[in-house]
Amino acid sequence: MLSFVIGTGRCGSTLVHEVMARHPALGFVSNLDDRSPRCPSSVRRRSGAIYRRVPPALTRKGRVRFAPSEGYLALSREVSPLLADPFRDLTADDLTPWLADRLRRFFLGRWEAAGTPQFSHKFTGWPRVGLLRAVFPEARFVHVVRDGRAVANSWLQMPWWRGHLGPSGWHFGPLPEPYAQEWERSGRSHVLLAGLAWKLLMDAYEAAAPPQDRWLEVRYEDVVADPRKHVELILDFLGLPWTPAFERGFARHRFSSGRADSYRTDLTPAQQALLTHSLERHLRRHGYPTTPL
């Protein structure tokens, strides 16, 4: 089975995918493979074993590490920059025979090299689900959701966030007219623009969602609150057993909710109110409270 972990970015999808990658039956693209155009086939074959054996300190973000990767450098080289950095969501209508062939060669080739029963890859930003399903109709998707206020707050603190350039220079193309008007009414608030980006992406995820037997939605806050329960739900969805080998890998992960709602201290009450008002309908749809704590 081929599966994809997807989310807006800064949503906890890295945590979810890295926990999943501890399973011996799951292959993935490593960051070494991503960076090296001539990555040896032996490394691709042994990526899972290497990842499961290196000390946890050598797999954590924020330092030199070995871990699963979104593989955007490799995808740009071997497939197309279109897949790595689109300005809008990608659908089946964007698929050309040339692109379909390259996608199959990339993912099926990596899967064959890994030699595992299943293969999983992570994408953030736009869903890309329509395009991916047109090439891999049997694929399953794990959609990781996080409170949009927390996502917006985190984006604002990232050095790669281009929202400071406005919709003419950021990651997501032009705002739909209702969202553009909302931004203008706010005085072109940078905080609100980050929230509108989350809302824009969540609209795309809702529109792209396949049938329920191919789609599992999990909330980041639920995963960190009860990791065993929600990781087990993900494994069940993928048809993977909770093995002793996976238990050893699972035990290596630290699940902390310390930053889950840091927007409450990182943003002013007025900024929080602005975000909550804008995102209210989307927040409620995913079970997030919209009243002050």
Exercise. Expressed in nm to one decimal, what extension gain is obtained for the pair R53 and A251 from 0.36 nm per residue of sequence separation less their Cα-Cα distance?
Worked result: 70.0 nm
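In whole percent, what relative contact order does region 40-185 give with Cα contacts below 8 Å and a gap of six or more residues? Kindly include the intermediate steps, with their values, before the conclusion.
On the way: 96 pairs, mean separation 33.5, N = 146.
Relative contact order comes out at 23 percent.
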Problem set entry | Net charge of neighbours whose Cβ lies under 13 Å from the Cβ of Q271, counting Lys and Arg as +1 and Asp and Glu as -1 | +1
For this session: For the chain, evaluate the Debye formula with one uniform point scatterer on each Cα (no solvent term) and list log10 I(q)/I(0) at q = 0.12 Å⁻¹, rounded to two decimals.
Result: -0.79
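With an 8 Å Cα cut-off and a minimum separation of 6 or more residues, compute the relative contact order for region 2-285 in percent.
Values: 400 pairs, mean separation 73.4, N = 284.
Rounded, it is 26 percent for region 2-285.
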Seminar exercise, completed: Counting only residues 5 or more apart in sequence or on a different chain, those whose built amide H sits under 5 Å from that of R219 are V145
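Evaluate the Kirkwood expression for the hydrodynamic radius of region 1-101, namely the inverse of the mean inverse distance over all pairs of different C-alpha atoms, and round to one decimal in Å. Let's see the in-between values first.
Working: mean 1/r = 0.0666 Å⁻¹.
Result for region 1-101 stands at 15.0 Å.
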Seminar exercise, completed: Summing -39500 (n - 2.57) over every DSSP H run of at least 4 residues in the chain and dividing by its residue count gives a helix-only mean residue ellipticity at 222 nm, to the nearest 500 deg cm²/dmol, of -14500 deg cm²/dmol
Exercise. Counting only DSSP beta bridges with both residues in region 2-285, what percent are antiparallel, rounded to the nearest 5?
Worked result: 5 percent
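Taking region 145-230, which chymotrypsin sites (Phe, Trp or Tyr not before Pro) meet the DSSP loop condition and have no more than 15 other C-beta atoms within 10 Å?
Working: sites: W155, W160, W161, W170, F172, Y179, W183, W198, Y205, W215, Y220; in loops: W160, W161, W170, F172.
Passing both the DSSP loop test and the Cβ count: W160.
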Exercise. Roughly how tilted is helix 190-208, in degrees to the nearest 10 and between 0 and 90, from the longest Cα axis of the chain?
Worked result: 50 degrees
Seminar exercise, completed: Amide H proximity to H121 below 5 Å, modelled H, separation 5+ or other chain, gives S3, F4, V5
Problem set entry | Positive-end residue, region 2-48 charge dipole about Cα centroid, Cβ charges, pick of T8, P24, P37 | P37
Exercise. What ranking do S257, S168, S154 get, fewest neighbouring Cβ atoms within 10 angstrom at the top?
Worked result: S168, S257, S154
Problem set entry | Longest segment of the chain lacking trypsin sites (Lys or Arg not before Pro) that sit in a DSSP loop with at most 16 other Cβ atoms within 10 Å | 89-161
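Report the net charge of residues surrounding S41, where surrounding means a beta-carbon distance below 14 angstrom and charges are Lys +1, Arg +1, Asp -1, Glu -1. Working shown, then result.
On the way: positive: R38, R44, R45, R46, R110; negative: D33, E112.
With Lys, Arg at +1 and Asp, Glu at -1, the neighbours total +3.
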Exercise. Residue farthest toward the positive end of the dipole of region 89-195, with Cβ of Lys/Arg at +1 and Asp/Glu at -1: which of H171, P159, S189?
Worked result: P159
Exercise. Taking only Cα atoms, what is the 0 to 90° angle, nearest 10, from helix 97-114's long axis to the longest principal axis of the chain?
Worked result: 60 degrees
Problem set entry | Neighbour net charge for F250 - beta-carbon separation under 14 angstrom, K R +1, D E -1 | +3
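Every number here is computed from the coordinates shown, using simple stated rules; none is lab data. All figures in this text were calculated on a predicted structure; none of them were measured in a lab. When we count neighbours, we look across all protein chains shown, and the Cβ atoms used for this are built from the backbone with ideal geometry, even at glycine.
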